[in-house]
Amino acid sequence: MVKTVQFQLDTVATVNVLSVQEYKEVSNDQTLTSLSKSNATLCMYNNTVIKRIGKIRLSVRNPKNKKKYKIEFQSFQEENSSVLGAKVIQGMQLITLNLQNVSTVENSVEGNLTKEQVISEFKEFVRGEGQFSDVLHLQIDPDVPPVQLPPRNHL
């Protein structure tokens, strides 16, 4: 029996999450007996920790190219959205990472750096605050509902 599950695609997530409700629907396992033990703990962006229930490998089909993938999912006690993590969404070709457009830093610096030290050490990568040197073009899919997340501190 085929069930359709909508996933959030999270380019920062390191695990794939199948909500308990979705798990029960796709596996027909209301008592959660088919879940394997898992050592995973889900740490949210705001540092809250969510307790795990277990993990399971399931077949997932990409609706665009019809390819099937075996993916390990974690399920947690709290009710969360189902999420596909970074490695899976790249592997399923749901997103592409254009490495030619990404600057990397190859210098190794030990210890904690201040914002001023980072700006001084890597000035070739820092050109002003909050400004792009060229015109930026973003494409937004009108069928995807917007989500507002709280700001994160990066430096």
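The values are calculated or read from the model by the stated rules, or taken from the named source; none is laboratory data. What you are looking at is a predicted structure, and each value in this text was computed from that prediction instead of being measured. Cβ atoms come from the backbone with ideal geometry, glycine included; neighbour counts cover every protein chain shown.
Residue by residue, here is whether (1) in a loop (DSSP other than H, G, I, E, B); (2) closer than 27 Å to LEU97 by Cα; (3) modelled with pLDDT of 85 or more; (4) touching a strand residue (DSSP E or B) at 6+ places or on another chain (Cβ under 7 Å) holds:
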{"site": "THR11", "(1), (2), (3), (4)": "yes, yes, yes, no"}
{"site": "GLU22", "(1), (2), (3), (4)": "no, no, yes, no"}
{"site": "SER34", "(1), (2), (3), (4)": "yes, no, yes, yes"}
{"site": "ARG57", "(1), (2), (3), (4)": "no, yes, yes, yes"}
{"site": "TYR69", "(1), (2), (3), (4)": "no, yes, yes, yes"}
{"site": "GLU72", "(1), (2), (3), (4)": "no, yes, yes, yes"}
{"site": "GLU78", "(1), (2), (3), (4)": "yes, no, no, yes"}
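Which residue pairs have Cβ atoms under 6 Å apart, sit 6 or more places apart or on different chains, and have a first residue in the range 17-32 that is free of Cβ contacts under 8 Å to residues at least 12 places away in the same chain and on the phi < 0 side of the Ramachandran plot and a second that is surrounded by 13 or more Cβ atoms within 10 Å (Cβ to Cβ) and aromatic (Phe, Trp, Tyr)?
Close Cβ pairs (under 6 Å, with a partner that is surrounded by 13 or more Cβ atoms within 10 Å (Cβ to Cβ) and aromatic (Phe, Trp, Tyr)) do not exist here.
Working only within the range 125-149, note down all residues that are modelled with pLDDT of 75 or more and not hydrophobic (A, V, I, L, M, F, W, C).
Residues satisfying the conditions are HIS137, GLN139, ASP141, PRO142, ASP143, PRO145, PRO146, GLN148.
Name the pairs: first residue in the range 82-105 and closer than 17 Å to PHE125 by Cβ, second residue part of a loop (DSSP other than H, G, I, E, B) and among the small types (Gly, Ala, Ser), Cβ to Cβ under 6 Å, at least 6 apart or on different chains?
Cβ pairs passing all conditions: none.
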